[in-house]
Structures are given as C-alpha cells and as structure tokens.
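Bear in mind that the values in this text are calculations on the coordinates, not laboratory data. Fair warning: this is a prediction, and the values are worked out from it, not measured in the lab. Cβ placement follows ideal geometry from the backbone for every residue including glycine, while neighbour counts extend to all protein chains displayed.
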Amino acid sequence: MKKLVIASNNSGKLREFQAMLAPLGIEVLTQAQLGISEAEEPHCTFVENALAKARHVSKASGLPALADDSGICVAALGGAPGVYSARYAGDNPKSDARNNEKLLQVMQGVADRRAHYYCVLVLVHHADDPQPLIAEGEWHGEIAHEERGAGGFGYDPMFWLPEQGRMSSELTHDEKTLLSHRGKAMRILLQKLKLE
C-alpha cells in the first residue's frame, strides 16, 4: 500500500495519523485534499460509523481508506456521550468548548467520575473490502471538576489521569501517543498491516 486516504477532517486526528503512519512510508492524503464530503454517521456503534466512513472515502477516491470513530464514554451517564461526543452540545457548529461545558454541567454533583476514551480504527483496501482491518483501543481516566491544560483537543482539558497526576491536555505529544486510545488502536492496526 503506497497511498491511504484518512476519512476525517479533524486536524488533531490527522496530525496523529500522519505521525504514526510516516514510518511505513505510506503517503497519507486527506478526504478534504480530494474534495470528498464527510460521510453520514447514523449508527449507534463506533465500529459501524467507522466502517461507513472508510467505505465512503474509499469509494469516492478509489484508494484504501482509514477511518476512526472515537469518543468519550462516561460510566455514570451509561456510556454517553459515546458516538455523539463530537456533537454532544449540538453540531451547529460543532464545538469542543461547548461540548466540555455541557459535560461539566451534566456531571455537577455526580460522585462517580469514571470515564474512558474509546477508539475503533477501520482500514479498507477498497470500498467493498470483505475483510476490513479493525483495531480498538481504550484509555481510562476520570472527568475532572474543571478544565485545565492547553494541549490536545476534544475532552482532553477535563480528562483526568490519576496514574499520571495530570490531565490529558497536559501530556506531551509523545506521551499522549503512547497512552491514548487512538495510539493503542493504531499500534494494533500497524501490527496487522505488517502481517499482510
């Protein structure tokens, strides 16, 4: 595989994917570079949404495609916001700041702060690939009572890591790649790619 299209317009995710795929010598293109619209994400599971995005971009580009669907799942909220993490506070427009503000409001007075980030990656070699490569990763922590830190994106400023004694947003890029749900899933996917 010499070229791969990333089925995302999220700049934070794109940076992470490009850095992780660079050692394999795969040219990484984005769907925006190719003028491909975003796919619908109508499903209630991460894996179905990721597969829909990968197939959509592969069909439009004629190239292998890698899609991710990820989000934060809060135990006290029954796994919400889950697949709706990026648009938890609405999508007109999508806003990390508004999503964080809503989650902090919903969690006021809640004692159980356990949460985890979840990521599923799906790579299709072509749009009708019957055996897509699928990799998952989880990253456990807690929802903090207030935001802190300037790094990362999404819910990182409020994702407390007890073992690190820091917020996700206070980690270096390399630390986040090592610990994060996306980093874990990507390492599994890279192992699967090397076995092909």
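Since only 62, 74, 9 are under comparison, the one whose Cα sits farthest along the positive direction of the charge dipole of the stretch 3-194, derived from C-beta charges on Lys, Arg, Asp and Glu, is 62. Each Lys or Arg adds one and each Asp or Glu takes one away; over the other residues whose Cβ falls under 13 Å from the Cβ of residue 135, this sums to +1. Assuming charge only on the beta carbon of Lys and Arg (+1) and of Asp and Glu (-1), the dipole of the chain about its Cα centre is about 320 debye to the nearest 20. If both residues of a DSSP beta bridge must be in the stretch 3-194, then about 80% of such bridges are antiparallel. For residue 71, the amide hydrogen comes within under 5 Å of the amide hydrogens of 118, counting only partners 5 or more places away or on other chains and with H modelled in the peptide plane.
Using the Cα coordinates of the stretch 90-196, the gyration tensor eigenvalues translate into equivalent-ellipsoid semi-axes of 30, 17, 12 Å, sorted from longest to shortest.
Cross-link reach is defined here as a Cα-Cα straight distance under 20 Å, omitting same-chain residues fewer than 8 places apart; for residue 2 the aspartates and glutamates meeting it are 16, 27, 68, 128, 129, 196. The alpha-carbon of residue 102 sits under 18 angstrom from the alpha-carbons of these lysines, leaving out residues fewer than 8 places away in its chain: 94. Per-residue Karplus couplings for the stretch 108-116, computed as 6.51 cos²θ - 1.76 cosθ + 1.60 with θ equal to phi - 60°, are listed in order as 4, x, 8, 7, 7, 9, 4, 7, 8 Hz, Gly and Pro entered as x. Working from label points 7 Å from Cα in the Cα-to-Cβ sense, the residue 38 to residue 174 distance is 3.3 nm.
Mean residue ellipticity at 222 nm, helices only, the chain: -9500 deg cm²/dmol; runs of at least 4 DSSP H residues each add -39,500 (n - 2.57), and the sum is divided by the number of residues.
Shape summary of the chain, radius of gyration then Dmax from alpha carbon positions: 16.6, 51 Å. Rounded to the nearest angstrom and listed largest first, the equivalent-ellipsoid semi-axes of the stretch 1-107 from its Cα gyration tensor are 28, 14, 13.
Straight-line cross-link reach from residue 176 at under 22 Å between alpha-carbon atoms covers these lysines, not counting any fewer than eight positions away in the same chain: 13, 184, 192.
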